[in-house]
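Asks: Pasting in a structure now, in structure tokens, and then I'll have a few things to ask.
The values are calculated or read from the model by the stated rules, or taken from the named source; none is laboratory data. Because the structure is a prediction, the values reported are computed rather than measured. Note that we place each Cβ from the backbone using ideal geometry, even for glycine, and neighbour counts take in every protein chain shown. In case anyone asks, the SASA skips ligands and DNA or RNA and just uses the protein heavy atoms, side chains included. Shrake-Rupley method; radii C 1.70, N 1.55, O 1.52, S 1.80 Å.
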Amino acid sequence: MADGGELETATPTHGPFVVEEGEWAGWRYWVGGDPYEDLSGPFYWREDADGTMRCAFRAEKKHMNGGGFMHGGCMLTFADYSLFVIGRKALAEGHSVTVSLNGDFVGPAHVGDLIEATGEVVKAGASMVFIRGMISTGGNPMLAFSGVVKKVKRRL
């Protein structure tokens, strides 16, 4: 029971939580953090045994363009999400915003495909974190991306 005598819910209303069943069991999902990502996703993440941060989602019809391939805007949205997961440890002290996001489209995806992103922090400075990564499906590259994330102080 919570302090006010109400029952606690199994799923939090804000923050990351671990999915306990289904295809995404063991993955984390962020609740209530970014309305645009909630609309675009759902996007998931986990840390692999070797420390690699991995992001993923299952391609749906809403992610496709008129030609039946994954929309480039969807790939870039997922790349932006992935910047923050890949840079999570370097960004742990507070809030941050994307300053730059670059991408090279190199392959397609279709409805039902598992889309994954991995990458690395190239440099973590006092205020800027430089990150690069790759989005792929079935081991085939889709988007090579890089970005810069700036650490910011929260406005009061």
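Asks: Report, by residue number, each residue of the range 69-88 that is touching a helix residue (DSSP H, G or I) at 6+ places or on another chain (Cβ under 9 Å) and not in a helix (DSSP H, G or I).
Replies: Result: 70, 71.
Asks: Going by the structure shown, is residue 61 at pLDDT 95 or above and exposed (fewer than 14 other Cβ atoms within 10 Å of the Cβ)?
Replies: Judged against the criteria, residue 61 is a match.
Residues are listed down the side, and each one gets a yes or a no for (1) farther than 20 Å from residue 134 by Cα; (2) not acidic (Asp, Glu):
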{"site": "58", "(1), (2)": "no, yes"}
{"site": "63", "(1), (2)": "no, yes"}
{"site": "66", "(1), (2)": "yes, yes"}
{"site": "70", "(1), (2)": "no, yes"}
{"site": "74", "(1), (2)": "no, yes"}
{"site": "78", "(1), (2)": "no, yes"}
{"site": "82", "(1), (2)": "no, yes"}
{"site": "90", "(1), (2)": "no, yes"}
{"site": "93", "(1), (2)": "yes, no"}
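Asks: Among the numbered criteria (1) in a strand (DSSP E or B); (2) among the polar types (S, T, N, Q); (3) in contact (Cβ under 8 Å) with a residue 40 or more places away in the chain; (4) surrounded by 13 or more Cβ atoms within 10 Å (Cβ to Cβ), which single criterion is violated by residue 136?
Replies: (3)
Asks: Now for a different question. Failed condition for residue 99, given (1) in a strand (DSSP E or B); (2) open to solvent by 30 Å² or more (accessible area, probe 1.4 Å); (3) under 21 Å from residue 136 (Cα atoms); (4) touching a residue at least 40 places away in the same chain (Cβ under 8 Å), with all others met?
Replies: The number of the failed condition is (3).
Asks: Restrict the check to the range 102-120 and report whether at least one residue is in contact (Cβ under 8 Å) with a residue 60 or more places away in the chain, surrounded by fewer than 18 Cβ atoms within 10 Å (Cβ to Cβ) and within 21 Å of residue 41 (Cβ to Cβ).
Replies: yes
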